[in-house]
1. Report whether or not Val140 is among the hydrophobic types (A, V, I, L, M, F, W, C), touching a residue at least 40 places away in the same chain (Cβ under 8 Å), out of contact with any strand residue (DSSP E or B) (no Cβ under 9 Å at 6 or more places or on another chain) and outside the structural domain of Thr22 (by TED's automatic domain parsing).
2. Given the options Ile139, Ile128, Ile167, name the one that is in contact with a helix residue (DSSP H, G or I) (Cβ under 7 Å, 6 or more places away or on another chain) and either modelled with pLDDT under 95 or of a type in the set (Lys, Arg) (or both).
3. Please count how many residues of the stretch 132-175 are crowded, with 16+ Cβ neighbours inside 10 Å and acidic (Asp, Glu).
4. If Ser76 satisfies all but one of (1) farther than 23 Å from Arg219 by Cα; (2) over 16 Å from the mean Cα position of the chain (by Cα); (3) buried (at least 17 other Cβ atoms within 10 Å of the Cβ), what's the number of the condition it fails?
5. Taking Asp214 as meeting all but one of (1) touching a residue at least 40 places away in the same chain (Cβ under 8 Å); (2) in contact with a Ser or Thr (Cβ under 7 Å, 6 or more places away or on another chain), write down the number of the exception.
6. Could you grab me the full set of residues in the stretch 242-269 that are modelled with pLDDT of 95 or more, out of contact with any helix residue (DSSP H, G or I) (no Cβ under 6 Å at 6 or more places or on another chain) and surrounded by fewer than 18 Cβ atoms within 10 Å (Cβ to Cβ)?
7. Can you spot a residue in the stretch 21-31 that is at pLDDT below 90, more than 24 Å from Gly129 (Cβ to Cβ) and surrounded by 13 or more Cβ atoms within 10 Å (Cβ to Cβ)?
Amino acid sequence: MEKDDSGGDEGRICLCIDVGNTNIVLGVYREEDLLFSWRISTDRQKTSDEFGLLFCHFFEYGKLPRTAVTDAVICSVVPPITGSIEAACRNYFEINPMVMGSPDVDLGINILYDNPKEVGADRLANAIGAYSRYGGPAIVVDFGTATTFDAVGEDGSYLGGAIAPGIGISTEALFLKAAKLPRIDLVRPKRVIAKDTVSSMQAGIVYGFAGQVDAIVTRMKAELGSEPTVIATGGLAELISKETTTIEKVDQLLTLEGLRIVWLRNRGR
């Protein structure tokens, strides 16, 4: 079946796919309108057919025919999965997807990194999304598998940033390396001076990472010499941001927004 693109750009629908080490987030956009979004666990063992059938199931659930999708854009920091996701787009949606980082995809952002190829696609998508929604300067804190801090200049340039171990892997390491410490749920502790082991771990993790965020953001602000908007995104952004003094906004769709901007910039190329 050939896709009918006769409806013009205003009728185009894009499947945006953010492939992270822990989760894959999908968003379906018509221009600026987010029609649907879904989050699934990242599974490096899944084949292209498994991904394709799963994506099709989401579209059936959303009562949107998969044939309505005209474009796709992928941001991936998991190379073993990227090819499978590309194949799923081709085989199940009849789309040759844009992949951030490919030479033929114009990001429209000046990357002031010593080696621009080293910057994760998700960090660039966050910078693009932040500048689109909040302008510059800005700092993006992404609570993913790693916690990343990225600075965006007044003109939208990507300036660089910092990378720290993520909350999830740090918590898991504590459980694995300390024989008497259990796995815990991450919730807001009632107090810092806790009276039991689980609460003590929760206090150390939540308030410890909140302090880390404030310390790094404060130093970044000093280097920028300005008052940037500070935006948090990622799975634990809501929890940690409430305990910080520097995070101003939480935007869980920031990476998808960056992908949407890249799509609009490159469609028709």
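1. On the way: among the hydrophobic types (A, V, I, L, M, F, W, C): yes; touching a residue at least 40 places away in the same chain (Cβ under 8 Å): yes; out of contact with any strand residue (DSSP E or B) (no Cβ under 9 Å at 6 or more places or on another chain): no; outside the structural domain of Thr22 (by TED's automatic domain parsing): yes.
No: the conditions fail for Val140.
2. It is Ile167.
3. Here the count works out to 2.
4. Here Ser76 meets the rest and fails (2).
5. Condition not satisfied by Asp214: (1).
6. Answer for the stretch 242-269, where residues must be modelled with pLDDT of 95 or more, out of contact with any helix residue (DSSP H, G or I) (no Cβ under 6 Å at 6 or more places or on another chain) and surrounded by fewer than 18 Cβ atoms within 10 Å (Cβ to Cβ): Glu248, Lys249.
7. no
This table checks each residue for (1) in contact with a Ser or Thr (Cβ under 9 Å, 6 or more places away or on another chain); (2) closer than 25 Å to Ser132 by Cβ; (3) assigned to a loop (DSSP other than H, G, I, E, B).
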{"residue": "Ala173", "(1), (2), (3)": "no, no, no"}
{"residue": "Leu181", "(1), (2), (3)": "yes, no, yes"}
{"residue": "Arg191", "(1), (2), (3)": "yes, no, yes"}
{"residue": "Met201", "(1), (2), (3)": "yes, no, no"}
{"residue": "Lys221", "(1), (2), (3)": "yes, yes, no"}
{"residue": "Glu227", "(1), (2), (3)": "no, yes, yes"}
{"residue": "Leu239", "(1), (2), (3)": "no, no, no"}
{"residue": "Thr246", "(1), (2), (3)": "yes, yes, yes"}
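The values are calculated or read from the model by the stated rules, or taken from the named source; none is laboratory data. Computed from a predicted model, the values in this text were never measured in an experiment. We place every Cβ from the backbone using ideal geometry, glycine too, and count neighbours over all the protein chains shown.
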